[in-house]
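The values are calculated or read from the model by the stated rules, or taken from the named source; none is laboratory data. Being a predicted model, the structure only gives us computed values, none of them experimental. Every residue, glycine as well, gets a Cβ built from its backbone with ideal geometry; the counts of neighbours run over all protein chains shown. For the accessible areas, the whole protein counts, side chains as well, though only heavy atoms, and no ligand, DNA or RNA atoms are used. Shrake-Rupley method; radii C 1.70, N 1.55, O 1.52, S 1.80 Å.
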Amino acid sequence: MNPADVAQAAPVAHDLSFFGLFWQAHFIVKLVMIGLLAASVWCWAIIVDKTLLYRRSKRAMDRFEDVFWSGQSLEELYRNLQSRPATGLAAVFVAAMREWKRSFEGSGRSFQTLPQRIDKVLDVTIQREVERLNARLTVLASIGSAGPYIGLFGTVVGIMNSFTSIAASKNTSLAVVAPGIAEALFATAIGLFAAIPAVLAYNKLNSEVGKLQTRLEGFADEFSAILSRQVDERIGHAGRSPANAA
């Protein structure tokens, strides 16, 4: 047998480890892999950050509710909280109390519309808090939905390059085809590696945001009812004052 034919028939050694598949891949496939790995790291950073944030928010809400329902004066609690940044239930409480206090500063304000103004302030504050809690969750949703398709794009490019190499070498043996296809499929695997945790984390974290939003809305309704009763009492006292003076 001709030595040249033997050399041509001999299979080329390929490193089939993950690191080897990466380095042997087409440069476009490498870019896809690097992008997906970076997206995966970004996802895990968001997941860890949001998990810690939601735990802190729950503990802060628990502490605030303990103080709020302990019988402490609302005025005293407001003085303690107004001078420092407030989030969660404390932010809702401070926003409502600030509107309550402003109602006494100008004689032109009507107590009749105070409950409606407080409700609007509460709604806006809750919306801001929910937006803060939801920040960057859309990144998880985007990577979770687009990751597999980006990986598939790398796979298509890799397989096209593999078939081009097969046509150039005129050798269709499995030893020649398998490494190129493995490199291409590795891109899809990385896409799934980035997308699956992102989807699962998004669903879990979005559920946590819903629970925190429910707590905010529940407290807002209770506090709005407390302030509304106080408004009714003040209106009642104001209505009886002329009769008592007469």
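What to note about this one:
- Proximal lysines relative to residue 101, as straight alpha-carbon distance under 22 Å, when same-chain residues fewer than 8 apart are discounted: 120
- Portion, in percent, of the accessible area of the range 25-235 that falls on carbon or sulfur, probe 1.4 Å: 61
- Our estimate of slack between residue 51 and residue 169, defined as 0.36 nm per intervening residue step minus the Cα-Cα distance, is 37.2 nm.
- Along principal axes, Cα extents of the range 25-235, largest first, whole Å: 94, 32, 24
- Low-density loop cleavage sites - trypsin sites (Lys or Arg not before Pro) in the range 56-89, where at most 13 other Cβ are within 10 Å (DSSP): none
- Ignoring aspartates and glutamates fewer than eight residues from residue 170 along the same chain, the ones with Cα atoms less than 17 angstrom from its Cα are 5.
- Trypsin sites (Lys or Arg not before Pro) restricted to the range 120-229 and DSSP loop, no more than 14 other C-beta within 10 Å: 136, 170
- Chymotrypsin sites (Phe, Trp or Tyr not before Pro) restricted to DSSP loop in the range 41-85 with at most 13 other C-beta within 10 Å: 69
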